[in-house]
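Sending over a structure as structure tokens; questions will come in a sec.
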Amino acid sequence: MTDINLDVEVAPRLIGAMSGLRRALRRRVGRAGGSQLSDAQRELVRVVRTQPGVRVGEAAAELRLAANTVSTLVTSLVDAGWIRRETDPGDARSALLSLTLSAEQRVEEWRDRRTSVLLEAIGKLDEADREQIERAVPALERLVQQLQEGSEW
């Protein structure tokens, strides 16, 4: 098996492909719910969507941001109608975060549109390309996990 120099050959191509995929989807579908949320706000919405009842400190740890930064993001998202902040019944000093019903609906509509656009594009590829993409997904998920954990290779 041939050694591949990931730094020089594969890594930049992978970054370009993944960035290009996100940009192309964003152009075709738009941003979540048609909003003008920043990347940091969208990431916080994602955390709150996947972990309803998350605390600000937990979200900050997940996003690897300072708690005061996340608190500022929460305030802006509460004001914009994306997030509900409720006092934790077990600790009145803490707040539990959840998406508003409107935000949940906007995110679901956006995800459905994004999935539809992506499936349509994949469907136009030949069978060999579709199979390669399908086989690559688990490895890409593991790569994301490695990056999120900050693992040293």
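If only one of 125, 63, 97 is modelled with pLDDT of 95 or more and either more than 30 Å from residue 14 (Cβ to Cβ) or within 21 Å of the chain's Cα centre (by Cα) (or both), which one is it?
Details: 125 fails: either more than 30 Å from residue 14 (Cβ to Cβ) or within 21 Å of the chain's Cα centre (by Cα) (or both); 63 fails: modelled with pLDDT of 95 or more.
Criteria check complete, one pass: 97.
Out of the residues in the range 79-103 that are assigned to a helix (DSSP H, G or I) and among the small types (Gly, Ala, Ser), state the one that is farthest from residue 53 (Cα to Cα).
Filtering the range 79-103 down to residues assigned to a helix (DSSP H, G or I) leaves 79, 101-103.
Narrowing further to those that are among the small types (Gly, Ala, Ser): 102-103.
Working: 102: 17, 103: 15 Å.
The qualifying residue farthest from residue 53 (Cα to Cα) is 102.
Just one of 107, 137 is under 26 Å from residue 27 (Cα atoms), surrounded by fewer than 11 Cβ atoms within 10 Å (Cβ to Cβ) and β-branched (Val, Ile, Thr); which is it? It would help to see each step written out before you state the result.
Numbers: 107 fails: surrounded by fewer than 11 Cβ atoms within 10 Å (Cβ to Cβ).
Checking each option against the conditions leaves just 137.
I've got another one for you. Mind counting the residues in the range 109-153 that are part of a helix (DSSP H, G or I) and farther than 29 Å from residue 70 by Cβ?
Filtering the range 109-153 for residues part of a helix (DSSP H, G or I) gives 109-123, 127-149.
Narrowing the set further to residues that are farther than 29 Å from residue 70 by Cβ leaves 116-123, 127-139.
Number satisfying all stated conditions: 21.
Does residue 106 meet the test of being among the basic types (Lys, Arg), at pLDDT 95 or above and assigned to a helix (DSSP H, G or I)?
Numbers: among the basic types (Lys, Arg): yes; at pLDDT 95 or above: no; assigned to a helix (DSSP H, G or I): yes.
No; evaluated as a whole, the condition is false for this residue.
OK, next. For the range 110-130, how many residues meet the condition of being in contact (Cβ under 8 Å) with a residue 60 or more places away in the chain and farther than 13 Å from residue 28 by Cβ?
Going through the range 110-130 one residue at a time, the tally reaches 0.
The values are calculated or read from the model by the stated rules, or taken from the named source; none is laboratory data. None of these values were measured; they are calculated from a predicted model. A quick note on method: Cβ atoms are made from the backbone with ideal geometry, for glycine too, and the neighbour counts reach across all protein chains shown.
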